[in-house]
Amino acid sequence: MNEDIITLAIETSCDETSCAVLRNGREVLSNIISSQIEIHKKFGGVVPEVASRKHIENINIIIQQALDEAGVSFKDVDLVGVTQGPGLVGALLVGISSAKAIAYGLNKPLIGVNHIEGHVCANYIEFKDLQPPFTCLIVSGGHTYLVQVEGYTKYEMVGRTRDDAAGEAFDKVARALGLSYPGGPIIDKLSKKGDAAAVDFPRVFLEADSYDFSFSGLKTAVLNYLNSAKQKGEDIVVEDVAASFQQAVIEVLVEKSIRLAKERKSDKIVMAGGVAANEGLRDLMEKRGREEGIRVYYPSRILCTDNAAMIGSAAYFNYIAGNISDLSLNVEPNLELK
């Protein structure tokens, strides 16, 4: 095994075409991201067929840009990591096909990576001294999980959403408020100008001992409030609705995370995924963390959203653990974190 391990990583699970080069799983030499947000914005969400076509157009260019920026060539690569799932089937196929071709051509190990695990590993890039075990809240457009991370590749799933993911609820409420896609960052921004106590939306904690989440009822409560106000001719203060909705979401996320950390005697809570960039969530989690003597970690914004650097970090740790794929690797759009 080389003293330094260079990983080439590819991420195409949704609407970002990304390629990164890492050294030893934590040092990012390049992280090129081509976002399709502006393309999908006019549709109010990601169109899978359009996303796949754009990945095909971009992938080779992005891979070369990543190598050039890192100052390496294909011959310097020690292993190839790629998102296997979860994600959009067509989008994932573009990344996996490219990664398999490169691994085969170079005769280098291929590592299929769980996209959700990648989000967790983004924190290893941001915080060089971070080590398991810790409690992890994973919140994105498609997933909301509470996980106890026991090792670099060992996860215990403790709680998950039973319906809408947190990010999905943000996007749906934003659409109801007439805001553009993606809705999460816009609601976060508007919330700073609104009164979080203006509307008493429900906090859904489910059963007393449950670590699961449910945001569908909260989303419905917001829609009912908006419809009722319109029928009565009442003014709707968008900033107040945004702030009240966001507060109802983040209070549940934070309190369940704190409760699990205390139950497991964990002194660290790590946040991951796109919604981990939400400033309201960060502020409340840090506040509660200080009160309970728990340190809170979250990556910079660029590492919260989909990117290949986090996939490269996860690929490295799986490689070290001996979790190597073969060329029969296929996409798994509903891949679970294990």
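The figures follow:
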quantity	calculated
Identity of the residue in region 113-139, in contact with an Asp or Glu (Cβ under 9 Å, 6 or more places away or on another chain) and assigned to a helix (DSSP H, G or I), that ends up farthest from K256 (Cα to Cα)	I125
Members of region 285-338 that are free of Cβ contacts under 8 Å to residues at least 60 places away in the same chain and closer than 22 Å to S52 by Cβ	S328
Failed item, numbered, when L281 is tested on (1) of a type in the set (A, V, I, L, M); (2) surrounded by fewer than 21 Cβ atoms within 10 Å (Cβ to Cβ); (3) closer than 26 Å to G85 by Cβ	(2)
Among the residues listed as Q231, Q246, the single one being among the polar types (S, T, N, Q), within 25 Å of the chain's Cα centre (by Cα) and part of a helix (DSSP H, G or I)	Q246
First in region 6-30 and under 30 Å from G44 (Cβ atoms), second anywhere and in a strand (DSSP E or B) and modelled with pLDDT under 95, Cβ under 8 Å, 6 or more apart	D15/S35; E16/S34; E16/S35; T17/S34; S18/S34
Number of the exception - E168 against (1) in a helix (DSSP H, G or I); (2) crowded, with 24+ Cβ neighbours inside 10 Å; (3) within 18 Å of the chain's Cα centre (by Cα)	(2)
Y104 being of a type in the set (S, T, Y), surrounded by 18 or more Cβ atoms within 10 Å (Cβ to Cβ) and either part of a helix (DSSP H, G or I) or touching a strand residue (DSSP E or B) at 6+ places or on another chain (Cβ under 7 Å) (or both)	no
Hits in region 117-134 - residues which are of a type in the set (V, I, T) and over 17 Å from S266 (Cβ atoms)	I125
Selection from region 54-75 of residues that are touching a helix residue (DSSP H, G or I) at 6+ places or on another chain (Cβ under 9 Å) and loosely packed, with under 15 Cβ neighbours inside 10 Å	N60, S73, F74, K75
Every residue from region 212-265 that is in contact with a Leu (Cβ under 7 Å, 6 or more places away or on another chain) and among the basic types (K, R)	K256
Region 260-312, residues that are over 30 Å from I62 (Cβ atoms), among the charged types (D, E, K, R) and assigned to a helix (DSSP H, G or I)	K262, E263, D283, E286, K287, R288, R290, E291, E292
The lone exception for K338 - which of (1) part of a helix (DSSP H, G or I); (2) within 16 Å of T135 (Cα to Cα) it fails	(1)
Residue check for G151: loosely packed, with under 14 Cβ neighbours inside 10 Å and modelled with pLDDT of 95 or more	yes
Exclusive hit being over 27 Å from Y145 (Cα atoms), out of contact with any Ser or Thr (no Cβ under 7 Å at 6 or more places or on another chain) and crowded, with 18+ Cβ neighbours inside 10 Å, set D240, D195	D240
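The values are calculated or read from the model by the stated rules, or taken from the named source; none is laboratory data. Here the structure is a predicted model, which is why all the values come from computation and not from measurement. Please note: Cβ atoms are built from the backbone with ideal geometry, for glycine as well, and neighbour counts cover all protein chains shown.
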